[in-house]
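Contents: one structure, followed by commentary.
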Amino acid sequence: MKPQRLELQKDSFGSSKNKIICLDEWATGAAHLGRKIEVDSTPVKIDPQQALTCIETAFAHLRAHFIGRDAVLEQILYALLTREHALIIGDRGLAKSRLARSVFAQFEDAQPPFSLQLTRSTSVGQLVGGLDLKQFERGTYVHNLDGYIVRAHFAFLDELFDANDFVLRALNGIMNEREFLNGPQIEPAALHTAIATTNYIRDTRESRAVLDRLLFKCVVHRAESTLQRFAIRREFITSHGGTVGPLSGKAIPYAYLNKLSKIITGELPDQLIAVPPHVLVMLDQIISDFEREVSEKRSDERFVYSDRSKNKAIHVIMASALRGGRNTAEVKDLAAMRFLIPTVGSPDEEEVFDHALDMTLKAITTRDRESIDHAAAIVDLVNEAVERHREGTLNEPNWSERMKTRIGRWMHRDSGVTLGSLLEEARELHADHSVTLKLKDEVLATIREAHERHHIAFEQKL
């Protein structure tokens, strides 16, 4: 019998309209490993909201033990949900390692976490496993990966930047591409999330590449409040500084996290989380303002947020929507960027982000947001019309009816839809913000190009 999981219908992640279907790829991601992993075959019904409740409960338990680390734990929670990695920066003795180990200790039925304290002399073999001697005798350079980072779901990397560049280079592929490349040995990595710690940042080409893969970054500080220090001492009396295990009967099945991550990263086509165009435009504006203001404060260098990180920020917005029980992101989900864009625990960066967020929310008005969504719908239709014109299917009736259904709520006219009517719709778009005005101009240019370059007549019914 195939294991079962609970699938939600498209209308709402928070509703009770659920259906059971049989699927077997959820259990441990074994299909990604290229080898068989023994797993519990007991059927499991996974409701995303139940899974989220389980995870939120575990993190509330962790907050009670890690005093003053709420923001760090919130950041790590987003890293887990989006299948990304986190870096904790801070002096020695601030329980960075304990926090990372305690997070991973909340899960059950996962591959054993991989842990490694890195030094200058750490070898790639200590990261991925030693050589297979039998294969080596035959002239093949193959690593035994069992028990090392490639096979683990979670990894704790202590003193990350003490590692040499060879190890950092190996980590790049494993953390981002989820793949270990070693000549003839090409192995998919099971790694879900790594948490790395360091007390300094090393500025080399390889370290910068690794930093870009560690999407979530935070700085932890010593407790300054007397009450906070008192709470830390009292917590030590109960835990004695050991790894914090899960509450009795409250361990998180790894299958729960795996399911949620698949929803967020779009691996389950029937459970996609929609992100409206205006939310994407506002996200870009927040990041642009953040980059500009940080660069102004750092006169010695220009701060640039990589395109990879900008794209992955969308997953954080989706995770925020899912946590809110929604299958469509909203403007309020942009606040979750506070745990991604600035370095958490850096007052200067957090202040810049708050300013960028506040400016964007005020400047891009409700009318702008409606115009952005309207513009996106027009462009999608024009692009599809151009493609169908090339294929000779522009007059296909079924497509025409579907197109009218899609554009209907945006149209201000009752007449048939033509390239000319779309041009008039675009001209009437409201544009209070410079970004919306620029978008409007680009939409008009796209429509004119469809006429001039692709020879679609303005009066051609679509």
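The values are calculated or read from the model by the stated rules, or taken from the named source; none is laboratory data. All figures in this text were calculated on a predicted structure; none of them were measured in a lab. Because the Cβ atoms are built from the backbone with ideal geometry, glycine has one as well, and the counts that use them run over all protein chains shown.
If you go through segment 85-115 one residue at a time, how many are part of a strand (DSSP E or B) and either of a type in the set (A, V, I, L, M, F, W, C) or on the phi > 0 side of the Ramachandran plot (or both)? Number satisfying all stated conditions: 6. For segment 257-286, the set of residues classified as in contact with a His (Cβ under 8 Å, 6 or more places away or on another chain) and assigned to a loop (DSSP other than H, G, I, E, B) consists of THR265 only. Each residue in segment 176-204 was checked for being closer than 26 Å to ASP91 by Cα and either surrounded by fewer than 17 Cβ atoms within 10 Å (Cβ to Cβ) or outside the structural domain of SER97 (by TED's automatic domain parsing) (or both), and 6 of them qualify. Out of all the residues in segment 133-143, is one or more of a type in the set (A, V, I, L, M) and at pLDDT 95 or above? Checked segment 133-143: no residue is of a type in the set (A, V, I, L, M) and at pLDDT 95 or above.
The helices (runs of 4 or more DSSP H) found entirely in segment 333-447 that carry 3 or more residues being at pLDDT 85 or above are 347-363, 366-391, 419-427. Taking the listed residues GLU291, GLU330, the one that is of a type in the set (Asp, Glu), closer than 21 Å to HIS278 by Cβ, touching a Phe, Trp or Tyr at 6+ places or on another chain (Cβ under 9 Å) and not assigned by TED's automatic domain parsing to the domain that holds ILE88 is GLU291, with no other qualifying. For the residues ASP348, ASP289, ASP307, ASP333, the requirement of being surrounded by fewer than 15 Cβ atoms within 10 Å (Cβ to Cβ) and in contact (Cβ under 8 Å) with a residue 40 or more places away in the chain singles out ASP348. Quick check on segment 235-258: of everything there that is of a type in the set (Phe, Trp, Tyr) and within 22 Å of LEU80 (Cβ to Cβ), which residue is surrounded by the most Cβ atoms within 10 Å (Cβ to Cβ)? Restricting to residues being of a type in the set (Phe, Trp, Tyr) and within 22 Å of LEU80 (Cβ to Cβ), the top hit is TYR256. Evaluating ILE314 against the criteria (1) without any contact (Cβ under 8 Å) to a residue 40 or more places away in the chain; (2) buried (at least 18 other Cβ atoms within 10 Å of the Cβ); (3) over 20 Å from ALA274 (Cβ atoms) leaves one unmet condition, (3). The residues of segment 178-199 that are touching a residue at least 60 places away in the same chain (Cβ under 8 Å) and out of contact with any strand residue (DSSP E or B) (no Cβ under 9 Å at 6 or more places or on another chain) amount to a single one, ALA190.
Among the residues of segment 76-95, the ones that are over 22 Å from LEU247 (Cβ atoms) and in contact with a helix residue (DSSP H, G or I) (Cβ under 9 Å, 6 or more places away or on another chain) come to 9 in all.
To keep it simple, each residue is scored yes or no on (1) buried (at least 20 other Cβ atoms within 10 Å of the Cβ); (2) at pLDDT 95 or above.
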| residue | (1), (2) |
| --- | --- |
| THR42 | no, no |
| ASP47 | no, no |
| ALA51 | yes, yes |
| ALA64 | no, yes |
| ARG69 | yes, yes |
| GLU74 | no, yes |
| TYR78 | yes, yes |
| ILE88 | yes, yes |
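The condition of being in contact (Cβ under 8 Å) with a residue 60 or more places away in the chain and either in contact with a strand residue (DSSP E or B) (Cβ under 9 Å, 6 or more places away or on another chain) or not assigned by TED's automatic domain parsing to the domain that holds VAL210 (or both) holds for only one of LEU160, LEU127, that being LEU160. Given the criteria of a type in the set (S, T, N, Q), outside any helix (DSSP H, G or I) and free of Cβ contacts under 8 Å to residues at least 40 places away in the same chain, does SER248 qualify? Answer is yes for this residue. Taking segment 117-234 as the region of interest, the helices (runs of 4 or more DSSP H) fully inside it that hold 2 or more residues being closer than 21 Å to HIS85 by Cα are 124-128, 165-172, 205-213.
Screening SER306 against (1) at pLDDT below 95; (2) touching a Gly at 6+ places or on another chain (Cβ under 9 Å) leaves a single unmet condition, (2).
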